[in-house]
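What follows is calculated from the coordinates using simple rules that are stated; it is not laboratory data. Being a predicted model, the structure only gives us computed values, none of them experimental. Because the Cβ atoms are built from the backbone with ideal geometry, glycine has one as well, and the counts that use them run over all protein chains shown.
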Amino acid sequence: MQSSRALRALPVVLGLVAPLSLAAQARYRVTTDGAWFCQEPGGKRLARLARGAVLMGGEAQGDWQGVMVEGWIFTTSVGPTPRAGYDLTVTRAPEENLRSAPAGALIGKLPQGFLLTRVAEGTSGRWIHVTRAGWVEKTDLESIAQVASSRTAAPDSDTTQARPTPARAPAVAPATGHGSAGSPPDTTASASAPVDPSRVESARRTVLYRSPEGQPAGTLAPSAPLRVLGRSGEWTRVELEGWVRSADLQIAPPGVLVGITAAELRTDPQRYAGQVLRWTLQFISTQKADELRPEIPNGATYFLARGPLPERGFVYVVVPEARRAQLETMTPLATIQVTARVRTGRTRFLGNPVLDMINLETLP
């Protein structure tokens, strides 16, 4: 009698397990740029997420969705933590980027002190694979589980139908306007040819910006050929090759690099060590070096700046003795243009570039 009751109850138990398993495998896309990643439903705000970031879903509570953030972060930007349940903490101030893959799309910005769990054997060069569970408001997410299942279901449904025979191909040619009815276009080679996702073109006349949400740099005509360098949320960094009139160009000083980003220095510090570059920075404060800045001589004067603009990271600029008096007239948040030599592209502890100042000008 007891066994029969257990058997009757078994389908109910199985019916409860299946939905939970499916929910645990659901995926969500962040629809709001800067959406908050919280410690618990309606609890402490921990970090901001980028629009377009994909998260694994878990249980839901009211207006909140449990999620798992998974991505890659610079090894030099994290350190061990004694907190139970976690392996690492973000050590870079004020924040560090979490990316979907090494140098991949931006998932979110993690502040200093953010706790993480290391994925077993999750390292790739200068990158480390990490995760963290938390909560996001449902209004900032959209489910992509159904979209994914509908896309994968399409090929399966096609397999139940007969493939088009060569005899049907001539009827396609007149509809597309290519070739002739007796000689249909051969689409087999183009369909199987590899696609280079880094090669794109502008779909319409569009504005080219210096940075996401930054100042316009120009306008691209439709079908302008571009090469993808990286992605961040709803933004894509591109490289454009073209021609301009020589009379419209201004030559940089001999031996001075222009257009180099701090991200490039951090990614390949050996390449730029000793190179002279020109950056536009935002002056913050003058400081004295100590043992926490091993890349700068102890006691040397340097100033902290943000940039190169419009980048938001920090830069250390070592000031020679002959130029120290110039700093006395500097006011915080002043915009300056610095010509400097790269001492190191990335410091050991915080990953910030260190420059040796050659010349400094205050900009209006």
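Rounded, prolate or oblate for the stretch 22-142? Axes are the square roots of the Cα gyration tensor eigenvalues, ordered a ≥ b ≥ c, and the cut-off for rounded is a/c under 1.5. Note, shape of the stretch 22-142 comes out prolate. Return the sequence-ordered ³J(HN,Hα) values of the stretch 114-119 in whole Hz as given by the Karplus equation 6.51 cos²θ - 1.76 cosθ + 1.60 applied to θ = phi - 60°, using x for Gly and Pro. Taking θ as phi minus 60°, the curve returns 5, 8, 9, 10, 7, 7 Hz for the stretch 114-119. Magnitude of the charge dipole for the stretch 256-362, about its Cα centre and with charges confined to Cβ atoms of Lys, Arg (+1) and Asp, Glu (-1), is about 140 debye.
Which order results if V319, V90 are arranged by neighbouring Cβ count within 10 Å, fewest first?
Values: V319 19, V90 25.
Going from least to most buried by this count: V319, V90.
Please list, in chain and number order, the residues 5+ apart from I107 or on another chain whose amide H is under 5 Å from its amide H, with Hs placed from the backbone. The answer is L98, R99, S100. Ranked by how many other Cβ atoms sit within 10 Å of their own Cβ, fewest first, the residues E291, E96, E40 fall in the order E291, E40, E96.
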